[in-house]
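The values are calculated or read from the model by the stated rules, or taken from the named source; none is laboratory data. Every value quoted in this text rests on a predicted model; they were computed, and no experiment measured them. Note: ideal-geometry Cβ built from the backbone for every residue, glycine included; neighbour counts use all protein chains shown. Just so you know, the surface numbers come from the protein's heavy atoms only, side chains and all, with ligands and any DNA or RNA stripped out. Shrake-Rupley method; radii C 1.70, N 1.55, O 1.52, S 1.80 Å.
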Amino acid sequence: MNTETLAAIWRDQHRSFRSLPLWVQLWVGWLVVINLVGAASAGTPTGAAVRRASLLFMPLNTALIVYERGWSSALSFTHLVAWPPLLVTLARRLRAPELGASERRLATAVLLTNAVSLAFDVVDAARWIRGERAVAGA
């Protein structure tokens, strides 16, 4: 892929993302940040769980954004696969007696954030299945 093509892909996905409602852009920003912080928690079971979930959905979502040249409800499907096992793992981790306060706060924040995300993803997946397959900003 040449630099012109990469630049066009970047412009398309950026335009698409910026066409989303502001609250969605802010939500996606929070979702990315809390999961990056979780994944960066080296040496903790919480960090390992978030990294595994991220490795499952991030490459697929990136490929979908590049393929579609923007953001659509199709992105919800990878979360429907990645979030449930992560949420179960984090809920179990929160019951661990050896869990420190810092990891407890992080696991709670990631669990709550991704649980809300999962609820949005169920709605988006249903829309996509019903035929609402538009790419934002297209």
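Surface composition of the chain: carbon plus sulfur atoms hold 69% of the accessible area, using a 1.4 angstrom probe and ignoring ligands, DNA and RNA. Classification of segment 1-68 by its C-alpha gyration tensor yields an oblate form. The axis ratio a/c (a ≥ b ≥ c) is 1.5 or more, and b/c is at least a/b. For segment 16-103, the set of GluC sites (Glu not before Pro) satisfying both a DSSP loop assignment and a count of at most 12 other C-beta atoms within 10 Å is given as Glu98. In summary, the helical segments of the chain meeting the span-like criteria, namely a full DSSP H run, a Cα extent along the axis of 15 angstrom or more and a mean Kyte-Doolittle hydropathy of at least -0.5, are 22-39, 45-68, 76-94, 101-129. Between Val66 and Leu94, the distance separating the two model label sites (each 7 Å from Cα on the Cα→Cβ line) works out to 3.6 nm.
Once C-alpha pairs closer than 8 Å and six or more residues apart are averaged by separation and normalised to the residue number of the chain, the relative contact order reads 33 percent.
Here the spin labels are modelled as points 7 Å beyond Cα on the Cα-Cβ line, and at Thr5 and Val122 they lie 4.0 nm apart. Helix-only arithmetic for the chain: the sum of -39500 (n - 2.57) across DSSP H runs with n ≥ 4, divided by the residue total, places the mean residue ellipticity at 222 nm at -27000 deg cm²/dmol.
Under the combined filter of DSSP loop state and at most 12 neighbouring Cβ atoms within 10 Å, segment 1-100 retains these trypsin sites (Lys or Arg not before Pro): Arg95. With a simple spin-label model that places each label point 7 Å from the Cα along the Cα-to-Cβ direction, the separation between Val37 and Val81 comes to 2.8 nm. Projected onto its three principal axes, the C-alpha set of the chain covers 51, 36, 24 Å, listed from the longest axis down. Heavy-atom accessible surface of segment 62-138, averaged per residue, reaches 55 Å², computed with a 1.4 Å probe.
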